[in-house]
1. For the range 124-134, does any single residue satisfy the condition of being at pLDDT below 90, surrounded by 16 or more Cβ atoms within 10 Å (Cβ to Cβ) and under 25 Å from residue 89 (Cα atoms)?
2. Restricting the search to the range 57-76, which residues are over 19 Å from residue 112 (Cα atoms) and surrounded by fewer than 19 Cβ atoms within 10 Å (Cβ to Cβ)?
3. Mind checking which pairs have a first residue in the range 1-16 that is closer than 20 Å to residue 63 by Cα and a second that is surrounded by fewer than 12 Cβ atoms within 10 Å (Cβ to Cβ), Cβ under 8 Å, 6 or more apart or different chains?
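The values are calculated or read from the model by the stated rules, or taken from the named source; none is laboratory data. Bear in mind that the values here come from a model prediction, so they are computed numbers and not experimental data. Don't worry about glycine lacking a Cβ; one is built from the backbone with ideal geometry, like all the others, and counts go over all protein chains shown.
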């Protein structure tokens, strides 16, 4: 990149990080573009040179979180010997990441299900999010296929939908464990999550 491109990327990153602080502290809906402008010390016209909308900025924050989360998952799966161990490590890494990044996890819950208005989102960030989701999805699907017995009739299973069900179910149970339990029952909620994870994986292997 030339100097101008480097400066542009640095400005965009600073705006993203400024918005991230506000989104995590007070929520996406309450945060205004005026507040993002004040926090980043860029004027609104300048911000709109780099981003289409507040939603576009939020998707860039979401992408940043997504990349960090996926890298954490993949690292947790390294050096595990069997498909079961790798998928179990993935599931436990998901819980650990959510537990240690509560506000980020809440943000993820919103944006994983948020309807996308393509007019308000840059094509580049949309495609990058799709690519990273495909990357982790492919890893999970490959491990699931290895976990299933050779004699299992694969035509009975749609691996893509099984992977999505697995990912979505883990997210739902984590949400219940972290937010649906009283403080004294969070430990019990985690055990419920671990049992659910084991049952799901054993169901695939039989």
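1. Checked the range 124-134: no residue is at pLDDT below 90, surrounded by 16 or more Cβ atoms within 10 Å (Cβ to Cβ) and under 25 Å from residue 89 (Cα atoms).
2. Restricting attention to the range 57-76, the residues satisfying the condition of being over 19 Å from residue 112 (Cα atoms) are 74-76.
Within the range 57-76, 74, 75 qualify.
3. What qualifies is 9/1.
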